Every structure is written in C-alpha cells, then in structure tokens.
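We did not get these values from a lab; they are worked out from the coordinates using the rules stated. These numbers were taken from a predicted model, which means no experiment stands behind them. A quick note on method: Cβ atoms are made from the backbone with ideal geometry, for glycine too, and the neighbour counts reach across all protein chains shown.
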Amino acid sequence: MSNLIIIGARGFGREIFNLAMDCISAGANFTVKGYLDDKHDALSDYPNYPPILSSVENYSIQPDDVFVCALGDVQYKRLYAEKILNKGGRFISLIHPSINQWQNTIWGEGCIAMRNVVVSCDVSIGNFVTLMDNCVIGHDAHIGDWSHVGAGSFMGGFSSIGSMTTLHPHVELLPHKSVADNATVGAGSVVLRNVKGGVTVFGIPATKL
C-alpha cells in the first residue's frame, strides 16, 4: 500500500486531505502519511489532520511514498512539485468519486478533481491540472499542464486553455475559444474572444486589465 504525502498544509491542503479520505472510502489503495510544509505550525489550530513531516526541501523520499500537490497558485504548484520530481518522487491523481466522466478522456499525472466535476467525452487533461468543485468541461476540450480551473467554471466544446493558466471561479469559456499559456481569467468572467498568453482578463465580456 502506498503512503500519500500532501504538499502544502494550508487551506487547500486540508481540503485535499478530505478529498483523499473520500477516495479511500471509495476503495483507493493508499493511506495518508502526512504533509510537507515549511510552516511547521500550519495545522496547530486544526485537529484531526495528519502531521507535518518536513519541508519539501528537507524531506527524504521513501520507497512507498506517493505525492499530491495541494497548492492553488500555478506558479507555486509547479515550483514545489518539481522539487519532489527532481528527487525521484512519484505523483498520483486524486479524482473524487462523485465525478461524472464520459469516454475517451485522457488524464496526465498529478491531477486533482474535486466534488461533482463533469468531464464530457474526448477531453485531454494535462499533467498537474486542478479541477475544482462543480466545474464542467465540454467535449473535445483541452487543458494544458499545471493549469487550474476554478469552482463552478465552464469550458465549452472544443475550447482550450494552455499550460500554467488559471480560470478563477465561475468563468465561462465559450465553445471553440482558447486561453493561452500563463494567462489568468478573473472570477465570473465570460470569455467571448481568444485570450493571449501571459495576460489577465476580467469581465463580461472578458477584457485585458
């Protein structure tokens, strides 16, 4: 049996522990060993969570360890996941048992899918992608590596987001529209036109800030 270690013991890390427990209840074959975080007292006010074992930098990977990265910011997610990857660590995906997924979806490694996510058919999801609660991914959509899709967001059919891209909660990305690498779409925005890489857009319709 594998020992799951969660990178990050802050708010999202506590959510990911609860996600892991739901996965275990549904038959996942791992136990939660603890957290990696450089703030050793991050859980001092929160009972019933596993211990903080070490910082990412100081942790020595053991043979049965597997990892998931519970950092919402895509920059920090990549930074700390790559520290573990460079040590030879192995990441697993945590997919909540409530997911509604149709055929031919391809998942990368290290992904997270929270409660009540809907993924239509023929979707491509890259490595280390996070899908938050109640988001809907339409048919033939593509999500690049390291990206984050916020709670309640919608991606239409044949839409795409690049790598290191963030959709904040309740974004609507219309069918056939794209958001390029390293872009950010603000909460509640409606994307009617393609979004260039590296920019932040917000509003209805979403425009560059």
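Tabulated results
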read-out	value
Strands (runs of 3 or more DSSP E) within the range 1-87 that include 3 or more residues closer than 27 Å to Leu167 by Cβ	2-7, 65-69
Qualifying position, being within 29 Å of Phe202 (Cα to Cα) and either surrounded by fewer than 17 Cβ atoms within 10 Å (Cβ to Cβ) or among the β-branched types (Val, Ile, Thr) (or both), among Ile137, Ile84, Ile92	Ile137
Any chance Ser98 is free of Cβ contacts under 8 Å to residues at least 12 places away in the same chain and either hydroxyl-bearing (Ser, Thr, Tyr) or surrounded by 18 or more Cβ atoms within 10 Å (Cβ to Cβ) (or both)	no
Selection within the range 59-79 - buried (at least 16 other Cβ atoms within 10 Å of the Cβ) and either under 12 Å from the mean Cα position of the chain (by Cα) or more than 25 Å from Ile24 (Cα to Cα) (or both)	Val68, Cys69, Ala70, Leu71, Gly72, Val74, Lys77, Arg78
